[in-house]
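The values are calculated or read from the model by the stated rules, or taken from the named source; none is laboratory data. Everything numeric in this text was worked out from a predicted model, so none of it was measured. Reconstructed Cβ throughout: ideal geometry from the backbone, glycine too, with neighbour counts over all protein chains shown. Please note that ligands, DNA and RNA were not included when accessible areas were found on the heavy atoms of the full protein model with its side chains. Shrake-Rupley method; radii C 1.70, N 1.55, O 1.52, S 1.80 Å.
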Amino acid sequence: MAKALEGIRVLDMTHVQSGPSATQLLAWLGADVIKVEAPTGDITRKQLRDLPDVDSLYFTMLNCNKRSITLNTKTERGKELLTELIRRSDVMVENFGPGAVDRMGFPWERIREINPKIVYASIKGFGEGPYTNFKAYEVVAQAMGGSMATTGFEDGPPLATGAQIGDSGTGIHAVAGILAALFQRENTGQGQRVNVAMQHAVLNLCRVKLRDQQRLAHGPLAEYPNEDFGNEVPRSGNASGGGQPGWAVRCAPGGPNDYVYVIVQPVGWQPLSELIGRPELADDPEWASPAARLPKLGKMFQLIEEWTSTLPKWNVLEKLNAHNIPCGPILSTKEIIEDASLVANDMVVEVPHPQRGSFTTVGSPLKLSDSPVHITSSPLLGEHNEEVFVGELGLDGEELAVLRTGGVI
């Protein structure tokens, strides 16, 4: 079956996470992604290794379905080969530091001259301005995009989220821009530049907090459990901050992830009051309406937790779902990797690997009926040098050997 991006070639000059997460999604959608690495390889091949002299899980889980070639772009022959690769590609993606590709001799004007139809996507930490040359990492982007200031408990420090919203979140935004540019190319015949900044992507994911920043001008935020409000959106623990209050309540036996997140909708209050053994609260004017409950959210969830703390989270889940009360158990990473439904939905996938035997990775969250995803292993370093340089660029085997001994590949 044909894939959605079949026939699209992506020149992947990315490393670490934000770029590789984007190009891996493109590969899953069917693009031919050629990962261009320095002869020493992507740094994550060696980072956080669990097995000696084998590509790390950090690398394998971000580079599935790609081909790998090595190329020293500091050499003249390396620049010539990169030029030919640009000429033959539909998309080029990079996440080097600001100006790095320009210093290689390939500014956007030169790239567009080589291939007017190419979509050139750059992922950077920040946009143009005072932060442009700051070094960007996952949690730096969270810090400067609004996430950390609004994550955590009121009396505690700002916290990072475990979700990689700075790196992989930016990668997803980059994919959206790349696909839009490819679609526009169908009408114009021309490629274009796509720029995505990690700070901007995190900010886009924090838009509801900017919503609440503006609402503060008209008084305290009743949906938050906080008692005091200044002129900034506060950290509010596990409160949903949305139209319906929610909280993570403890369950038996009290382990670190023995919690269920419960949302109290107006229609759910009556059955919930019965489940917790306080049916009289359903008609009590002090508790019966959402407006009456809002000022005492802490007490409300305390009453719920007095009930949930006597039961395992899966029992709580069963009882709440029987009454259509929105809820979800806090799943640990161990529970997720062993979850049969996630395996059945190809979201937890076992992938064969030529060196480590196999590894488990996250599957594609994009499910297209006519473009199914089959996840294949990440490539070994330079695994496709001969396939690309000889089979596609037309070099002969003798030159390939010279390039290898000369440090060009």
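Residues of region 314-334 that are in contact with a strand residue (DSSP E or B) (Cβ under 9 Å, 6 or more places away or on another chain) and either of a type in the set (A, V, I, L, M) or more than 17 Å from Gly254 (Cβ to Cβ) (or both): Val316, Leu317, Leu320, Asn321, Ile325, Pro326, Cys327, Gly328, Ile330.
Within region 214-224, the only residue that satisfies the criterion of being surrounded by 15 or more Cβ atoms within 10 Å (Cβ to Cβ) and either modelled with pLDDT of 95 or more or in a helix (DSSP H, G or I) (or both) is Leu216.
A quick yes/no check of all residues on (1) aliphatic (A, V, I, L, M); (2) over 18 Å from His374 (Cβ atoms); (3) modelled with pLDDT under 95:
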position	(1), (2), (3)
Ala4	yes, no, no
Gly7	no, no, no
Leu11	yes, yes, no
Pro20	no, yes, no
Thr23	no, no, no
Gly30	no, no, no
Thr44	no, yes, no
Arg49	no, yes, no
Pro52	no, yes, no
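Within region 362-383, one or more residues are open to solvent by 70 Å² or more (accessible area, probe 1.4 Å), over 18 Å from Leu26 (Cβ atoms), more than 21 Å from the chain's Cα centre (by Cα) and acidic (Asp, Glu). I need the full set of residues from region 86-129 which are open to solvent by less than 20 Å² (accessible area, probe 1.4 Å), over 22 Å from Leu182 (Cβ atoms) and in contact with a Lys or Arg (Cβ under 9 Å, 6 or more places away or on another chain), in order please. Answer for region 86-129, where residues must be open to solvent by less than 20 Å² (accessible area, probe 1.4 Å), over 22 Å from Leu182 (Cβ atoms) and in contact with a Lys or Arg (Cβ under 9 Å, 6 or more places away or on another chain): just Gly125.
Restricting region 1-56 to residues that are open to solvent by less than 20 Å² (accessible area, probe 1.4 Å) and among the acidic types (Asp, Glu) leaves a set whose member that is farthest from Lys117 (Cα to Cα) is Asp55.
The residue of region 225-281 that is nearest to Ala322 (Cα to Cα), among those that are open to solvent by 50 Å² or more (accessible area, probe 1.4 Å) and charged (D, E, K, R), is Glu274.
Given the condition closer than 30 Å to Asp50 by Cα, within 28 Å of the chain's Cα centre (by Cα) and open to solvent by 90 Å² or more (accessible area, probe 1.4 Å), answer yes or no: does some residue in region 309-331 qualify? Walk me through it before giving the result.
Initially, region 309-331 is screened for residues closer than 30 Å to Asp50 by Cα, giving 329-331.
Restricting the remaining residues to those that are within 28 Å of the chain's Cα centre (by Cα) gives 329-331.
Now drop any that are not open to solvent by 90 Å² or more (accessible area, probe 1.4 Å), which leaves none.
Checking region 309-331: not a single residue is closer than 30 Å to Asp50 by Cα, within 28 Å of the chain's Cα centre (by Cα) and open to solvent by 90 Å² or more (accessible area, probe 1.4 Å).
Within region 278-313, the residues that satisfy the criterion of being outside any loop (DSSP other than H, G, I, E, B), touching a residue at least 24 places away in the same chain (Cβ under 8 Å) and out of contact with any strand residue (DSSP E or B) (no Cβ under 8 Å at 6 or more places or on another chain) are Pro290, Arg293, Leu294, Pro295, Gly298, Met300, Leu303, Glu306, Trp307.
Looking for something open to solvent by 60 Å² or more (accessible area, probe 1.4 Å), of a type in the set (A, V, I, L, M) and within 17 Å of Val233 (Cβ to Cβ) - is there at least one such residue anywhere in region 153-175?
Let us first name the residues in region 153-175 that are open to solvent by 60 Å² or more (accessible area, probe 1.4 Å), namely 153-155, 157-159, 162, 164, 172.
Still in the list and also of a type in the set (A, V, I, L, M): 159, 172.
From the residues that got through so far, the ones that are within 17 Å of Val233 (Cβ to Cβ) too are 159.
Yes, that holds for at least one residue.
As a summary of the residue check, Cys64 satisfies the conditions (1) within 18 Å of the chain's Cα centre (by Cα); (2) open to solvent by 10 Å² or more (accessible area, probe 1.4 Å); (3) not β-branched (Val, Ile, Thr) except for the one numbered (2).
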